[in-house]
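To start, the structure under review is shown below, and the notes come after it.
The values are calculated or read from the model by the stated rules, or taken from the named source; none is laboratory data. All values derive from a computational prediction rather than experimental measurement. Quick reminder, even Gly has a Cβ in these numbers, built from the backbone with ideal geometry, and neighbours come from all protein chains shown. Only protein heavy atoms, including side chains, enter the accessible area calculation; ligands, DNA and RNA are left aside. Shrake-Rupley method; radii C 1.70, N 1.55, O 1.52, S 1.80 Å.
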Amino acid sequence: MISRRFLAAGTLLGTLAVTAGFPVYADSYPDRPIKFVVPFTAGGITDSQARVTGQYASKVLNQPIVIDNRPGAGGALAATAVAQSPADGYTIFLGTQGTQAANFALYKNLRYKESDFRAVQGLMAVPNVVVVNAATPYKNLAELVAFAKKNPEQLTYSSPGVGTGAHLAAELFQTVAGIKFRHVPYKGSAGSITDVLAGNIDLTFDYPATTLQHIKAGKLRALAVTGTERTATLSDIPTMSQLGYPAATAESWTGIFVPRNTPDAVVQKLQAAFAQSIEDKGVQEKLVEFGGVPLLKSGKTFEAFAHDEVVKWKQVVEKSGATLD
């Protein structure tokens, strides 16, 4: 009887200690550096905006946010590592359109799933720009589409690679417009754009940051942007929606994700810190330099947005026949 009472008392105390620990833990969080896993190499647009927003958020949280670049398999290696990390708020992930949406259709044997993550805060949305060599006869998107309809698969388009945001945006546009280009994938934007500049490829879809200098130099002609709004750096270029193709709207995006069971109070602190970051004027100016705009979605709204993207890009991938396995 005595031993049973001690056992019951010990169990009760243990339970109280565990449940009481959550608010105490949340109150002290963070009390050490936070690891910010980025699924691509240092120096690119994705890495740069992670560093800009992370630096600001670290001041709000009063702890260092340390960038951990883990490239490979379209971000799947990094996503898997974060999904398997402790749900304590000390490992956060820069999720992308690829890692949190398109990858589920592109890879058949992913080691992580949508439900492994909790969406915290959107960071940035970046449209693609449809560009052709300035020497081509296509002065606008309507002329390009008209030629493509009469000449299926005669026009070639390049992309930074199979499954990239640019590739999928191009595939979505072809479906919506009822046309068909011939895809020539490259390993990155440099080779892709170089061959458009040389006249070896007819057109490409790529980011403002990688095309802007050539557009300004008069070597590339911009026909449309795929975002929901015109971009600040290409304010005279209409959107797909303005040109009559609202269903072809497509943006590459990023946001903060954490392992699913991360405590609510911890998630709220992270959300508040990164929301303040992208609302800062200086940070917003940097995002514009990267060719993007702040993605002002948080919590359940951001979670719903990410899920809708899973559904959207699954359909695009299936129609394109793209695979990365």
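Just the number please: accessible area per residue for the chain, 1.4 Å probe, all protein chains included, in Å².
On the way: 14950 Å² over 325 residues.
For the chain, the per-residue accessible area is 46 Å².
Enumerate the amide H contacts of residue 136 below 5 Å, restricted to partners 5 or more residues apart or on another chain; note that Pro and chain-start residues carry no placed amide H.
For residue 136, whose amide H was placed from the backbone, there are no distant partners under 5 Å.
Along the charge dipole of the stretch 149-233, which of 185, 157, 199 sits closest to the positive end, that is, farthest toward it, with unit charges on the beta carbon of Lys, Arg, Asp and Glu (+1, +1, -1, -1)?
Going by the Cα projections, it comes out as 199.
Can you tell me the length gained on complete extension of the stretch residue 228 to residue 151, counting 0.36 nm per residue apart and subtracting the Cα distance?
Values: separation 77, 0.36 × 77 = 27.72 nm, distance 2.91 nm.
24.8 nm is the gain from fully extending residue 228 to residue 151.
Under the 0.36 nm per residue contour assumption, what length would be gained going from the current alpha-carbon distance of residue 194 and residue 242 to full extension? Display every interim value, and only then the final one.
Details: separation 48, 0.36 × 48 = 17.28 nm, distance 2.87 nm.
Length gained between residue 194 and residue 242: 14.4 nm.
Could you tell me what percent of the DSSP beta bridges with both partners in the chain are antiparallel, to the nearest 5? Don't jump to the answer; show the numbers that get you there.
On the way: 25 of 40 bridges.
Counting DSSP beta bridges with both partners in the chain, the antiparallel share is about 60 percent.
Cut-off 10 angstrom, C-alpha nodes, Gaussian network model of the chain. Which of 310, 266, 176 fluctuates the most?
Checking each option, the largest mean-square fluctuation is seen for 176.
If you wrap the stretch 180-290's Cα atoms in a convex hull and average its projection over all directions, what's the area in nm²?
That works out to 9.9 nm².
Suppose R0 equals 51 Å. What FRET efficiency, 1/(1 + (r/R0)^6) with r the Cβ-Cβ distance, do residue 84 and residue 175 give to the nearest 0.05?
Values: r = 36 Å, r/R0 = 0.70.
Working from the Cβ atoms, E equals 0.90.
Please give, to one decimal in nm, the separation of the simple spin-label points placed at residue 111 and residue 219, each 7 Å out from Cα toward the Cβ.
4.1
What distance in nm lies between label points placed 7 Å from Cα along the C-beta direction at residue 272 and residue 285?
In this crude label model, residue 272 to residue 285 measures out at 2.8 nm.
Taking the Cα centre of the chain as the origin, how large is its charge dipole in debye, to the nearest 20, when only Lys and Arg (+1) and Asp and Glu (-1) carry charge on their Cβ atoms? Let's see the in-between values first.
Working: 30 positive and 26 negative charges, 79 e Å.
For this selection, approximately 380 debye.
Students often forget the sequence filter, so: which aspartates and glutamates lie under 16 Å Cα-Cα from residue 300 once same-chain residues fewer than 8 apart are removed?
114, 116, 264, 308, 309
Per DSSP H run of at least 4 residues, take -39500 (n - 2.57); add these up for the chain, divide by its residues and hand me the 222 nm value, nearest 500 deg cm²/dmol.
Numbers: 11 runs with 144 residues, N = 325.
So the calculated ellipticity at 222 nm is -14000 deg cm²/dmol.
To the nearest 10 degrees, how steeply does helix 165-177 sit against the main Cα axis of the chain, on a 0 to 90 scale?
60
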